[in-house]
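What follows is a structure written as structure tokens; I'll ask about it next.
The values are calculated or read from the model by the stated rules, or taken from the named source; none is laboratory data. Being a predicted model, the structure only gives us computed values, none of them experimental. Here Cβ is always computed from backbone atoms with ideal geometry, including for glycine, and neighbour counts include all displayed protein chains.
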Amino acid sequence: MPKIWIKDESVSRDFLRKQLVGVLALARDRVPYCIPVHFLYLDERNKIYIHSAKVGKKMDIIVENPKVSFLVYEVEKLVSANNPCDFATRYTSVIVHGHARILENSVEKSEILTELVRKYGSGNTAFPQVMPLQADKVAVIEINIKQISCKRNVDC
């Protein structure tokens with residue numbers, strides 16, 4: 001079945017918004033480093049936000065090299081066949097390329113973390129706001145999206 005590149009960015013952005021886990025790809029000294037993360041995508045800002053510990057390999061790499069890629073995907077089904085060459089996977093994927101920075105402003109971090117909690121709390125707005133003092137205990141990574149692409153391998 002055909003692999004289809006989706007040119008309509010609104011499809012890519014809608015898919016990105018609905019996903020729960022993404023894969024952050026970084027590189028240090030030409031060695032890739034990929035990690036699964038929870039994230040928040042804010043369409044109106046064209047940015048992805050990730051919470052993190054303040055120290056660690058991920059943070060060190062971002063400081064050294066802010067160029068990142070970010071992947072979300074969904075496997076719809078596996079297709080088996082009598083001929084192994086005809087096996088396939090039906091999927092949708094979105095790949096983002098951008099630049100990461102670590103947010104410093106406590107108020108901005110608390111706003112982002114509050115939205116992140118609401119996303120993973122199934123939109124429950126009853127969660128209290130994350131306070132700036134709480135936000136200061138973690139890092140928030142902001143990815144400024146430079147390029148976004150979507151691909152599907154679907155049944156016709």
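Quick one: in the range 117-147, of everything that is under 17 Å from Arg17 (Cα atoms) and at pLDDT below 95, which residue is surrounded by the fewest Cβ atoms within 10 Å (Cβ to Cβ)?
Looking at the filtered set, the residue picked out is Ser122.
Additional query: Of all residues in the range 89-142 being part of a helix (DSSP H, G or I) and of a type in the set (A, V, I, L, M, F, W, C), which is farthest from Val11 (Cα to Cα)?
Only one residue tops the list, namely Leu133.
Determine whether the range 79-91 contains at least one residue that is surrounded by 15 or more Cβ atoms within 10 Å (Cβ to Cβ) and closer than 20 Å to Leu40 by Cβ.
Here is the first cut: in the range 79-91, the ones surrounded by 15 or more Cβ atoms within 10 Å (Cβ to Cβ) are 88, 90-91.
Adding the requirement that they be closer than 20 Å to Leu40 by Cβ leaves none.
No: the range 79-91 contains no residue that is surrounded by 15 or more Cβ atoms within 10 Å (Cβ to Cβ) and closer than 20 Å to Leu40 by Cβ.
Scan the range 112-137 residue by residue and report those that are within 18 Å of the chain's Cα centre (by Cα) and in contact (Cβ under 8 Å) with a residue 12 or more places away in the chain.
Ile112, Leu113, Thr114, Glu115, Leu116, Val117, Lys119, Tyr120 - these are the residues of the range 112-137 that are within 18 Å of the chain's Cα centre (by Cα) and in contact (Cβ under 8 Å) with a residue 12 or more places away in the chain.
Still on this structure, please answer the following. Do you know which residues across the range 96-116 are in contact with an Asp or Glu (Cβ under 8 Å, 6 or more places away or on another chain) and among the hydroxyl-bearing types (Ser, Thr, Tyr)?
Ser106
Hey, can you tell me all the residues within the range 20-30 that are surrounded by fewer than 17 Cβ atoms within 10 Å (Cβ to Cβ) and of a type outside the set (Lys, Arg)? Outline the logic, then answer.
Just the residues of the range 20-30 that are surrounded by fewer than 17 Cβ atoms within 10 Å (Cβ to Cβ), to begin with: 20-21, 23, 27-30.
Selection gives Leu20, Val21, Val23, Ala27, Asp29.
Sort out which residues of the range 38-78 are surrounded by fewer than 16 Cβ atoms within 10 Å (Cβ to Cβ) and among the β-branched types (Val, Ile, Thr), and write them in order of number.
The answer is Val55, Val63, Val75.
How many residues are more than 25 Å from Gln147 (Cα to Cα) and surrounded by fewer than 18 Cβ atoms within 10 Å (Cβ to Cβ) if we restrict to the range 95-110?
The qualifying residues number 3.
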